[in-house]
Every structure is written in C-alpha cells, then in structure tokens.
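The values are calculated or read from the model by the stated rules, or taken from the named source; none is laboratory data. Bear in mind that the values here come from a model prediction, so they are computed numbers and not experimental data. Methodologically, a virtual Cβ is constructed for each residue, glycine included, from the backbone with ideal geometry; neighbour enumeration extends over all protein chains shown.
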Amino acid sequence: MKIIEKLLKEVEEEGQKTRKMLAIVPDDKYDWQPHPKSMSVKNLALHIADLPTWISLAVTTDELDFGDNPYNPGQVNNTEELLTLFGKNLVKAKSDLEQATEEQLEEPWTLRNGAVVYMTLSKYETIRHALAQTIHHRAQLGLYLRLLNIPIPGSYGPSADEQG
C-alpha cells in the first residue's frame, strides 16, 4: 500500500471517530470552558472541525503565514453547522490528498508568522501533524464533555460509558 493510500485510510478512520465526538457537542454549552485559560467548547470544536484543512494546505501550498493569513476557522452557531463544516473540510482534504503525489509528500512545508518560523516539516509530516492534532484535540473535547457529564463515544474500543 502506498503512503497516500495509507494516509487516506487514516484520514477516513479518524474522521469517523471525530464526527462521532463532534456530534454530541450540546448547542447550549458552546460558551463553557473548564478553566479561564482553556478554549471554550465552541472554539475547541471549531478548531477540530477545521483541522482537515491543514491536510489540504499541506498538499496544495508550501507554507502558511499567519502574518498574511490570520487564522480563521470559520463560524458556526450550533452542532449541525459544526458537522456540516467538518464534513465539507474532510471531503476537500481527502480530495486534495487523492490528487497529491508521493513525491510531493517529501517537499517541505512551513508554518510561520512573518519572519518567525514555527516549524518546517515535510508535507507528509505536516499531514501526520494535522492528524495528531485532531486526535489530541478530540481527546481534549472528550474531557470537556466528560466534565459536563455527557457520555463519551469510544475511539479505539468502547468507552467507559459504552461498557455500562
């Protein structure tokens, strides 16, 4: 199996897990945050829904410069809109990845803010980084939801809620 095929499989599998978690975000808890330094439920869920765009960025650009393009994941007002945004972003990410070549994955990709370079990775590593960020933030959202006493779906097997 080639690298792009493996990545597409992983994007699809993680996308399904992520969709399950985003689907249970209650509309009336969007402003809740567990700590003043923490993101709100809305901002965290919106960031998760936006992360597939980083896969598209990895294979269609050579860098993202926040100095030229301030981060703007979009706007949602409820979970239905959140799922629509995530679905659109995931479809585009998979389509862009399907169009990529194995050779492109070796090329560098840079994240910067003007002259300040945050990271330069291969495009492959950037895609893996986006997937790792998705998994990390999905777990973070799971903790938020747990603190709100919302049953959590399992990701890699049944959750404690699903086991009874």
Residue count, the stretch 79-126, condition touching a strand residue (DSSP E or B) at 6+ places or on another chain (Cβ under 8 Å) and in contact (Cβ under 8 Å) with a residue 40 or more places away in the chain, comes to 11
Is it the case that the stretch 106-124 has a residue that's modelled with pLDDT of 95 or more, over 19 Å from the mean Cα position of the chain (by Cα) and part of a helix (DSSP H, G or I)? yes
Residue count for the stretch 47-78, restricted to those that are assigned to a helix (DSSP H, G or I), free of Cβ contacts under 8 Å to residues at least 60 places away in the same chain and surrounded by fewer than 22 Cβ atoms within 10 Å (Cβ to Cβ): 4
Considering only the stretch 3-25, I want to know if a residue exists there that is part of a helix (DSSP H, G or I), of a type in the set (V, I, T) and surrounded by fewer than 16 Cβ atoms within 10 Å (Cβ to Cβ). yes
